Structure formats: C-alpha cells, structure tokens
Amino acid sequence: MSRRQAVYELRGNLWFSSVIYAAAAVVLAFITYWIDFNLTIEHATPNVMHVTHEYLYTVLGTLLAGVITLNAFTFNSTLVVLTTFSGQFSPRLLLTFISDKRTQRVLGLFNAAFIYLLASFFMLHELVHEIYVAIPLTAFIMTLLAMANFVYFINHVVKWMQVPTLTHNMKMESSKRIMGTLQKDLEPYRDNDLDQSAHQYSRREAHVIRAEQTGFLQIIDFKKLIKFATEDDIVVQIEVRVGDFITRGMPILRYWSDKQRPEREDFYRNMLYLGHKKTELQDLEYGINKLKEVAIKSIGNYDPSTTRNAINQLSDLLIDVATITKFTPYLTNRNNELRLIIPDESFDYYLHTAFSQIVYYGENDPVLLNDILDGLTTVAQSVYHEDMKCTWEFAEHLMSIYKKPNSFKYEDKRFTSSLRQLAVMTHQTERYNELTGEGD
C-alpha cells in the first residue's frame with residue numbers, strides 16, 4: 001500500500017481520529033492530575049472552586065454516565081439516518097459522511113470528553129489528596145463541550161442530509177481529490193505533439209509485464225514510472241486504467257527498449273498499487289459514478305428534485321474534468337522525451353459515463369430529459385471547442401428518444417429552445433434545422 005493509499009484509508013476511518021482525540025484527553029488528564037497533586041493550587045484559588053474527594057468522585061461518576069448516554073444516542077441516531085439515506089441514494093454516502101472533517105471532529109470530541117472523565121475518575125486518591133481544583137474545573141468544561149457538541153452535531157447532520165448539500169458535498173469531495181491528484185500526477189507530464197513518435201512503437205515488439213496479484217487498480221505512481229523509464233532509457237505503455245479489476249497474469253505494462261531488457265521489472269510492476277476496492281484518489285469515473293448513482297436511485301424513488309440536483313453537480317464535475325485534463329495519452333520527462341503512454345481517454349467517455357444510464361432509466365420522463373439537456377448546455381458553455389461536438393451528438397440521441405405525445409407543450413418548447421441554444425454554441429445550426437425541419 002502506498003503512502004497516499006494509507007492516508008486515504010486513515011481519513012476514511014473514524015477510529016483514527018478518535019484515537020488521536022482519546023490520546024489528547026489522556027494527556028490532559030495527566031496534566032490536571034499533576035497540577036492538583038503537585039502544585040497545590042487550592043491555596044491560590046477561591047474556596048468556591050475547591051471540591052472535596054468524595055463530592056468529586058460522585059460528580060465524575062454521574063458525568064460519565066451522562067456523557068456515555070449522550071454518545072450512544074448520537075451514534076445510534078446517526079446510523080439510523082445514514083442507513084436510510086444510503087438505501088435511498090447510495091451506500092457510498094456512509095464513507096463520504098464519515099470522512100468529513102466536521103464529523104470526525106465532533107465524534108472525536110465526544111470520545112475525548114468520555115476518556116478524560118474516565119481517566120480522571122480512576123486517578124482520584126483520597127489518601128493522597130483531599131481537595132481538587134484543576135480536575136473538576138476541566139471536567140466541567142469538557143462536559144459543556146460535549147453538550148454543545150451534541151447540539152452542533154445534530155445541526156450538522158440535518159444540514160448535511162439535505163439533498164442540495166449532500167450532492168454538493170459529494171461533488172466537492174470528488175473535485176478536490178481527483179482534480180488535485182490529476183494536476184500533480186499527470187498534467188505536468190502530458191504532451192499533445194507526440195503522435196508520430198508514439199506510432200513507431202506500436203509497430204515494434206514489446207516486452208510484457210504481468211500482474212502478480214488480483215485486485216482493483218487504485219493508484220499509479222506516474223512520477224516514478226517516468227523516472228525509472230528515463231534511467232533505463234525505455235518507453236512504457238500502461239495497459240489498464242485506474243479502477244479496472246485486474247486478475248493474476250493479466251498484462252498491465254508493455255515497454256520498448258533499444259538496449260538489453262531491464263533487470264528491475266518488479267519496480268515497474270510495484271508502481272501500480274492494487275486493493276480490494278475502488279477508490280477515487282486517481283479514478284475520475286468513481287466520483288462521477290457516485291453522483292450518477294444518486295440520480296438513478298432518486299428516479300426509482302420518484303424524487304425529481306434530487307435527480308435534478310445530481311444532474312447539475314454532474315455537469316459541474318464534467319466541466320472540471322474538461323478544463324483541467326488535456327486528454328492526451330503521452331507523458332514525457334523533463335527533457336520532453338516520451339517515456340509513458342497511458343490508455344487513451346476522451347471527454348466523450350466521461351460524458352457518456354455521467355448521463356447514459358440516467359437517460360436509460362428516465363427515457364420516458366420528458367422533464368428529466370429536459371434537465372439532462374440543460375446540463376449538456378451548461379457543459380458546452382464552459383468546455384473547450386474540441387469537446388463541444390460530443391455534447392451535440394449526445395443531444396441528438398436525446399432528441400431521438402424524446403416522446404412528444406407524452407409531454408406537455410411547455411416541455412416541448414423548453415426542449416426545442418435548449419436544443420437550439422446548444423446547436424448555436426456547438427456550430428451545429430444546419431444539423432439542427434435538418435432534424436427539426438425549421439429551415440424548410
């Protein structure tokens with residue numbers, strides 16, 4: 001597992017943040033213990049802050065019961081809500097909610113309050129010290145924090161579960177992780193002007209490197225692959241995509257060498273990290289599929305508002321993909337020498353990944369098709385000119401399945417207006433007139 005995979009897995013687990021907060025609570029308990037048992041600060045504080053051992057023992061026991069009850073109630077209600085939403089929309093909502101920093105911070109504070117009270121409870125010793133100041137004061141503050149935390153957490157869950165917020169958070173998470181990764185891993189090495197030099201390798205016999213284990217391809221270390229290929233003076237071609245399921249013995253890399261065969265093929269193989277599940281660290285399609293799944297589930301649940309929100313966020317995510325990615329398979333080193341060829345990709349592929357299945361499940365819904373056409377128009381307004389053509393081709397398919405007898409006149413007018421607008425933006429006015437007969 002690579003370092004980035006480990007960080008991703010840790011951020012997606014509640015126990016890691018909980019352990020950190022629990023450790024901080026234990027340290028705080030020892031600090032307050034040392035203050036009360038060694039500094040004897042009761043002589044420098046007013047009597048109202050002094051608490052006897054017997055009274056403090058009773059108070060800490062009561063606070064412990066209250067905090068653990070509050071903690072259990074919070075976890076239980078959260079799981080009920082998340083289970084309901086994951087069934088209605090997508091099971092991936094669970095991981096998205098758990099990996100949210102605010103969620104981890106809130107649950108960590110609950111654990112910290114409980115651990116502090118528990119540690120302080122067992123540190124009390126009547127024969128060693130009778131009057132306490134720091135421990136009861138800190139216990140009081142921690143309990144207030146737990147109560148305020150409970151109110152904040154309920155408010156956080158309610159806001160997070162609102163459909164516009166939910167789809168927006170999913171889109172922002174995908175955009176942040178995927179686009180940040182692409183900008184660092186791929187874009188600095190892409191080159192659009194290597195078609196001629198790349199074609200010469202396709203006519204030559206290549207050495208093949210095969211997978212030694214089974215799993216989903218999660219991460220490719222492009223930087224190290226380019227570095228190794230430069231040192232060995234070879235050109236490497238990746239045969240699989242991030243997110244693909246790879247079986248043992250499957251060809252994953254090919255390389256061409258003018259010299260003897262490199263001795264470190266295992267180094268190249270180990271730059272492709274496999275796991276038992278898909279992740280969105282480098283997988284563009286994974287983030288798109290999350291929102292697409294929400295849209296499809298909402299169609300089945302007769303929830304058009306959620307479907308519309310998911311389509312809007314998908315359109316925004318596609319714009320991010322188109323504006324950041326150059327869609328060229330050729331990666332070069334610092335000397336502008338071709339060193340790595342990745343599987344060919346295009347904006348058309350991601351466009352169909354986002355909307356094709358939604359169209360399939362909602363083909364009898366004129367309102368839904370209008371929403372998708374509006375999304376295509378939004379995308380066409382923001383992408384590069386070479387990516388506009390595929391939006392028009394997709395719109396043509398929408399027109400072929402749009403059933404006017406099943407729609408109101410307003411929806412027909414809306415569809416025609418959006419299609420005309422898209423035709424103008426993509427320079428397909430003649431084709432639009434041919435399809436609609438307006439030019440006759």
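Data for the structure
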read-out: Dipole of the stretch 227-306, positive end: most advanced residue of ILE288, SER298, VAL236 [Cβ charges, Cα centre]; value: SER298
read-out: Farthest positive-ward along the chain dipole, Cα basis, beta-carbon charges - from PHE89, MET170, VAL26; value: VAL26
read-out: Whole-angstrom gap from the stretch 355-406 to the stretch 240-255, using each part's C-alpha centre; value: 33 Å
read-out: Cα-projected label distance for HIS397 with MET161, points at 7 Å along beta-carbon direction, nm; value: 3.6 nm
read-out: For the stretch 77-88, 3J(HN,Hα) per residue [Karplus equation, 6.51 cos²θ - 1.76 cosθ + 1.60, θ = phi - 60°, Hz, x = Gly/Pro]; value: 5, 5, 5, 5, 5, 5, 5, 5, 5, 5, x, 7
read-out: Whole-Hz couplings from phi, Karplus 6.51/-1.76/1.60, listed for the stretch 239-246; x for Gly and Pro; value: 8, 10, 9, 4, x, 6, 8, 10
read-out: Distant-in-sequence amide H partners of LEU274 (H built 1.01 Å from N, under 5 Å); value: GLN218
read-out: Apportionment of accessible area to carbon and sulfur, the chain, percent (1.4 Å); value: 56 percent
read-out: Gain upon complete extension [TRP34, PHE75; 0.36 nm per residue less C-alpha separation]; value: 11.4 nm
read-out: Net dipole in debye of the chain [+1 Lys, Arg Cβ; -1 Asp, Glu Cβ; about Cα centre; nearest 20]; value: 320 debye
read-out: Percentage relative contact order, the chain, counting C-alpha pairs under 8 Å, at least six apart; value: 15 percent
read-out: ILE252 long-range amide H proximity, modeled H, under 5 Å; value: ILE209, ARG210, ALA211
read-out: Simple label model, 7 Å out from Cα along Cβ direction - VAL7 to ASN270, nm; value: 2.1 nm
read-out: Positive-end extreme of charge dipole, the chain - chosen from TRP392, VAL48, LEU70 (charges on Cβ); value: VAL48
read-out: Proximal aspartates and glutamates relative to LYS278, as straight alpha-carbon distance under 14 Å, when same-chain residues fewer than 8 apart are discounted; value: GLU9, ASP244
read-out: 0 to 90° range, to nearest 10: angle between helix 14-34 axis and the chain longest Cα axis; value: 20 degrees
read-out: Nearest-ten-degree value, helix 388-401 long axis tilted from longest Cα axis of the chain; value: 90 degrees
read-out: Amide hydrogen neighbours beyond the local backbone of ASP244, cut-off 5 Å, H modeled; value: LEU217
read-out: Positive minus negative residues near LYS223 (Lys, Arg vs Asp, Glu; Cβ under 14 Å); value: +4
read-out: Hits among aspartates and glutamates - C-alpha to C-alpha of LYS223 under 13 Å, sequence gap 8 or more where chains match; value: ASP185, GLU187, GLU231
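The values are calculated or read from the model by the stated rules, or taken from the named source; none is laboratory data. Fair warning: this is a prediction, and the values are worked out from it, not measured in the lab. Glycine also receives a Cβ, built like all others from the backbone with ideal geometry; neighbour counts cover every protein chain displayed. Surface accessibility is based on the protein's heavy atoms, side chains included, excluding ligands, DNA and RNA. Shrake-Rupley method; radii C 1.70, N 1.55, O 1.52, S 1.80 Å.
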